[in-house]
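Notes for the one structure printed next.
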Amino acid sequence: MVYKHIEVKPIAGACGAEVFGVDLAKPIKRAVFGEIYKAWLKHQVVFFRDQKITPEQQIKFAKKWGGIHIHPFVKGMAKYPEILEVKKTEKDTYTFGNRWHTDQMFSPTPAKATMLYAKETPSFGGDTQFANMYLAYEALSPGMKKMFKSIKTFNVGDGNKRRSTYSSRNDRYKGASAQPKKPPKGLKTNSEHPLVRTHPETKKKGLYIGVHTQNLVGFEREESEFLINMIREHCTKPEFITRFGWKKGSMAIWDNRCLQHYAISDYPGQRRRMHRITIKGDKPF
Ligand code: OGA
Ligand code: MN
């Protein structure tokens, strides 16, 4: 791919690329954004370094990717409901996102993209890993692909919803991230999705599974657990993974439709604080 306005450097064989030549604090021309978006579809997650932006500027940039999703049961920042502060302090033991997952998979229309901007980072550790679900699918044998084709997963996000309805001092969620809020009545936090998902823009197929996946629809419990464990292990082979080390001012935007991600919890006693915006997605097919 040839870029006229930006420079794009992959950071691993699996996925992920760093984008150079963009100042997110300034208005971004349509042609420049077009190239960023193309690089994003190709590399699945793009990174920008040394950005100095205000919440207003981050919100403005986020809107270029689609509608901003307001989280139903985690509170946004007081002045900026669009932004969730993902924060771990010196005392917190819980790390938000510390499992392989894709955002809001429990929802009938899970997030398209997630944008994370680093405000404070530990002196070491706190990286995020991303696993390429196109590669995981492509690496399957024709027999497995055929078998997986018609499988639906059942995905649940109940734990977070339940946590959000009370606040005890011992709640492992407390203080460790954005604060819970009461979800609207009747909020749907479980959904069936295809195990093999077609990306609506690239049209490529990828495996679609994450921590929210509870079982495979229509399978016996033992069968379902066996297959899910196998798929989880397969999805996170080192060859499918890239790892990003954050510094203050780093920005990442990832595609939840074709990646899983994992926040590494290896910096006890240190602080890490991120500004997170999620972009609304469509019903997976
Ligand atoms: C998220 C998430 C990972 C991280 O914000 O959805 O999983 O490294 N974060 O903070
Ligand atoms: Mn996440």
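The values are calculated or read from the model by the stated rules, or taken from the named source; none is laboratory data. A quick note: this is a predicted structure, and the numbers were derived from the prediction, not measured. Using ideal geometry, Cβ is built from the backbone for each residue, glycine included, and neighbour counts are taken over all protein chains shown.
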Review point. Quick check, is Asn155 surrounded by 18 or more Cβ atoms within 10 Å (Cβ to Cβ) and at pLDDT 95 or above?
Key: yes
Practice item. Test Phe226 against the stated conditions and say whether it is more than 16 Å from ligand 2 (Cβ to nearest atom), surrounded by 15 or more Cβ atoms within 10 Å (Cβ to Cβ), at pLDDT 95 or above and of a type in the set (Phe, Trp, Tyr). Key: no
Check your understanding: (1) more than 15 Å from the chain's Cα centre (by Cα); (2) surrounded by fewer than 22 Cβ atoms within 10 Å (Cβ to Cβ); (3) part of a loop (DSSP other than H, G, I, E, B): which one isn't true of Gln214, the others all being true?
Key -> (3)
Check your understanding: Only one residue in Lys64, Lys88 is in contact with a Ser or Thr (Cβ under 7 Å, 6 or more places away or on another chain) and over 22 Å from Gly210 (Cα atoms). Which one?
Key -> Lys88
**Study point:** Residue under evaluation Arg197, criteria (1) away from ligand 1 (no atom under 15 Å from the Cβ); (2) within 22 Å of Ile68 (Cα to Cα); (3) crowded, with 21+ Cβ neighbours inside 10 Å, criterion not met
**Key:** (2)
Point to revise | Selection status of Ala39, modelled with pLDDT of 95 or more, surrounded by 16 or more Cβ atoms within 10 Å (Cβ to Cβ), within 30 Å of Lys237 (Cα to Cα) and in contact with a Lys or Arg (Cβ under 9 Å, 6 or more places away or on another chain) | key: no
Revision key, fill the gap. Among helices (runs of 4 or more DSSP H) entirely within the range 54-148, at least 2 residues that are surrounded by 21 or more Cβ atoms within 10 Å (Cβ to Cβ) occur in 55-63, 133-138
Review point. If only one of Lys91, Lys87, Lys75, Lys112 is among the basic types (Lys, Arg), in contact (Cβ under 8 Å) with a residue 40 or more places away in the chain, within 16 Å of ligand 2 (Cβ to nearest atom) and more than 21 Å from Lys52 (Cα to Cα), which one is it?
Key: Lys112
Review point. Which residue pairs have Cβ atoms closer than 7 Å, lie 6 or more positions apart in sequence or on different chains, and pair a first residue in the range 42-68 that is within 20 Å of Ala17 (Cα to Cα) and in contact (Cβ under 8 Å) with a residue 60 or more places away in the chain with a second residue that is of a type outside the set (S, T, N, Q) and in a helix (DSSP H, G or I)?
Key: Val46/Ile36; Val46/Ala39; Val46/Trp40
Check your understanding: When you scan the range 113-135, how many residues do you find that are of a type in the set (Ser, Thr, Tyr) and farther than 24 Å from Ile59 by Cβ?
Key -> 2
Check your understanding: If we scan the range 183-194, do we find a residue that is within 16 Å of ligand 2 (Cβ to nearest atom), assigned to a loop (DSSP other than H, G, I, E, B) and hydrophobic (A, V, I, L, M, F, W, C)?
Key -> no
Exercise for review: Mind listing just one residue for me: the one in the range 250-269 that is assigned to a loop (DSSP other than H, G, I, E, B) and under 30 Å from Lys283 (Cβ atoms) and, of those, nearest to ligand 2 (Cβ to nearest atom)?
Suggested key: Asn256
**Study point:** the range 261-281 - residue that is among the β-branched types (Val, Ile, Thr) and touching a helix residue (DSSP H, G or I) at 6+ places or on another chain (Cβ under 9 Å) and, of those, surrounded by the fewest Cβ atoms within 10 Å (Cβ to Cβ)
**Key:** Ile279
Review point. Does Gly66 meet the test of being more than 18 Å from Tyr262 (Cα to Cα), within 16 Å of ligand 2 (Cβ to nearest atom) and not polar (S, T, N, Q)?
Key: no
Exercise for review: Within the range 229-243, count every residue that is buried (at least 18 other Cβ atoms within 10 Å of the Cβ) and not in a helix (DSSP H, G or I).
Suggested key: 2
